[in-house]
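Enquirer: The following block contains the structure, expressed as structure tokens.
The values are calculated or read from the model by the stated rules, or taken from the named source; none is laboratory data. Source: prediction; values computed, not measured. Cβ placement follows ideal geometry from the backbone for every residue including glycine, while neighbour counts extend to all protein chains displayed. SASA here: full protein model, heavy atoms, side chains in, ligands and nucleic acids out. Shrake-Rupley method; radii C 1.70, N 1.55, O 1.52, S 1.80 Å.
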Amino acid sequence: MTTRTAHEDWDDHPAPSMAATSLLREPPATPRGARTRAALVAAARTVFERSGYLDARLTDITKEAQCSTGSFYTYFDNKEQVFAAVLEAAQEDMMHPGMKRVQDADDPYAVLEASNRAYLEAYRRNAKLMGLLEQVAHIDPAFADLRRHRADAFIVRNARGIAELQARGIADKKLDPMLASRALSGMVSRLAYSAFVANEHGSGGTPIEFDDVVFTTTRIWANGLRFPDRD
């Protein structure tokens, strides 16, 4: 039930789904059924983000969706299933684009900056859900494995991009592409969590500006790979 996106053309293999697709039922056959299911999924996301995964109750979801408990069980068996549906609906917007392929005429720094900006914009837009994913990963080993598997797909993609830059003399050839990708990709995701989920502050106790996060992550990536000097 996953959807292929433009981000996934690099490897010619789609990224793993963020949702446990084995939990998902076939979509409703009628437009009315599709609308009711979509309302339940949207309500579930609101409740999960507001209450957390453990404290979210099915009665809260049906109340938020303004539908009966019976309607819920028409489409879902339990909280695990509706959570999987929330992730399936959200994953396109939360897609980590990875570092895009750098063409001969491209400025590698500009490509890197655009890739980081796209990821960070999606992260900020979905900050509450990203915080929820951290919570669920700590209490559900199966979900943690699924999330790690998905993250690894983008780490591999970034490693391939680093290797290509090394071959062209743009990135430091002494670096192991996979280890460099793990280090730099992890840095971006953790800084995003600090800025947009934990709402930690920067120098002087001031809120962290979005453009500063983009600049910092991109500069550290470029410096770490030893891109040619730039002002």
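Enquirer: For the subset of region 65-97 comprising residues that are part of a helix (DSSP H, G or I) and over 25 Å from the mean Cα position of the chain (by Cα), which member is nearest to Met130 (Cα to Cα)?
Expert: Step by step, filter region 65-97, then rank; the result is Ala65.
Enquirer: Can I ask one more? Does Ala56 qualify as being farther than 23 Å from Asp140 by Cα and not hydroxyl-bearing (Ser, Thr, Tyr)?
Expert: No: the conditions fail for Ala56.
Enquirer: Please go through region 199-228 and pick out each residue that is touching a residue at least 40 places away in the same chain (Cβ under 8 Å) and of a type in the set (Gly, Ala, Ser).
Expert: Passing the criteria: Ala222, Gly224.
Enquirer: Residues in region 95-109: is at least one crowded, with 16+ Cβ neighbours inside 10 Å and either at pLDDT 95 or above or within 26 Å of Pro27 (Cα to Cα) (or both)?
Expert: Scanning region 95-109 turns up at least one residue that is crowded, with 16+ Cβ neighbours inside 10 Å and either at pLDDT 95 or above or within 26 Å of Pro27 (Cα to Cα) (or both).
Enquirer: Report whether or not Ala44 is open to solvent by less than 40 Å² (accessible area, probe 1.4 Å), modelled with pLDDT of 90 or more and either of a type in the set (A, V, I, L, M, F, W, C) or under 11 Å from Gln91 (Cβ atoms) (or both).
Expert: Yes; evaluated as a whole, the condition is true for this residue.
Enquirer: So, restricting to helices (runs of 4 or more DSSP H) that lie completely within region 125-231, which ones have at least 1 residues that are closer than 30 Å to Val82 by Cα and open to solvent by less than 30 Å² (accessible area, probe 1.4 Å)?
Expert: In region 125-231, the matching helices (runs of 4 or more DSSP H) lie at 127-139, 141-167, 177-192.
Enquirer: Right, here's the next one. Being within 20 Å of the chain's Cα centre (by Cα) and modelled with pLDDT of 95 or more: is that true of Arg57 here?
Expert: no
Enquirer: Does Glu121 count as of a type outside the set (A, V, I, L, M, F, W, C), outside any helix (DSSP H, G or I), at pLDDT below 95 and open to solvent by 70 Å² or more (accessible area, probe 1.4 Å)?
Expert: So Glu121 does not fit the description; no.
Enquirer: Another one. Could you tell me whether Glu49 is touching a Gly at 6+ places or on another chain (Cβ under 9 Å), touching a residue at least 40 places away in the same chain (Cβ under 8 Å), in a helix (DSSP H, G or I) and within 26 Å of Ala153 (Cβ to Cβ)?
Expert: Yes; evaluated as a whole, the condition is true for this residue.
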